[in-house]
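Shown next, in structure tokens, is the structure this report addresses.
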Amino acid sequence: MKTDLTDKALHSEFRQKVEALSGQNLSDCYQCGKCSGGCPVEPFVEVSPTRLIRMVQLGMEEEALNSDSVWHCAGCGTCNGRCPMGIDIVRVKDALRKLTKKIHYKRGSLEAWTFYEAFLDCVRNFGRLTEIGLMGGYNINSGWLMTNVKKAPWYLMRNKLGVSPHTIKRVDRLQRVFKRIEEIEGQ
Ligand code: SF4
Ligand code: SF4
């Protein structure tokens, strides 16, 4: 992969956006690799957390947003705990996911995004994850209305698919948390 080390690449608009959204100064990263060394997902992705940070440093927008590493993350925070510079890599990934959502680069990212949105919508509306809410939300968000529909009878027969979602008590409190997070993120 050809790397652009020009001043323009190092101070790209993309890098500035990620730094602003994540609140992290990526110049602090000196590529020690400790984040990748402890990452449980690293063996299964093409782009390690270390490489992902480097891509952002270099303004490699398309490569970073298309990387499987953006979505394949357990959010465990091990990378954060290992970083000697105190960089919050999880927040950097959150920022990249946000940008991926806006840009919809390729279908692979879009699939992950629609699932992520359906998951959050379900928790926001009912206070918990429900199979029917997740499946319905995913099918509607993605536009693939019949995805997994054939599997529904099998799950229904085995009582593994609740038809009506159960809402937790005082779901309004949780919805206030979502609202507050959205306000903070929008600032
Ligand atoms: S938060 Fe994500 S990137 Fe960091 S160690 Fe866990 S799985 Fe890896
Ligand atoms: S651990 Fe921190 S300094 Fe080291 S490569 Fe990862 S982000 Fe950069």
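The values are calculated or read from the model by the stated rules, or taken from the named source; none is laboratory data. Just so we're clear, the structure is a prediction, and the values are computed from it rather than from any experiment. Glycine also receives a Cβ, built like all others from the backbone with ideal geometry; neighbour counts cover every protein chain displayed.
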Check your understanding: Among all residue pairs at least 6 apart or on different chains, which show Cβ distances below 8 Å where the first residue, located in region 142-163, is closer than 20 Å to Leu129 by Cβ and the second is in a helix (DSSP H, G or I) and among the polar types (S, T, N, Q)?
Key -> Ser142/Thr114; Thr147/Asn139; Asn148/Asn139; Val149/Asn139
Study note, to complete from the structure: Taking region 73-87 and keeping only residues that are more than 8 Å from ligand 1 (Cβ to nearest atom) and surrounded by fewer than 16 Cβ atoms within 10 Å (Cβ to Cβ), one is left with Gly81, Pro84, Met85, Gly86
Exercise for review: Can you work out which of the residues in region 7-43 that are more than 20 Å from the chain's Cα centre (by Cα) and crowded, with 18+ Cβ neighbours inside 10 Å is farthest from ligand 1 (Cβ to nearest atom)?
Suggested key: Ser12
Practice item. Confirm whether Gly108 is more than 18 Å from Phe14 (Cα to Cα), out of contact with any strand residue (DSSP E or B) (no Cβ under 8 Å at 6 or more places or on another chain) and at pLDDT below 85. Key: yes
Review point. Of all the helices (runs of 4 or more DSSP H) wholly in region 13-75, which have at least 2 residues that are more than 16 Å from Asp88 (Cβ to Cβ) and within 14 Å of ligand 2 (Cβ to nearest atom)?
Key: 49-57
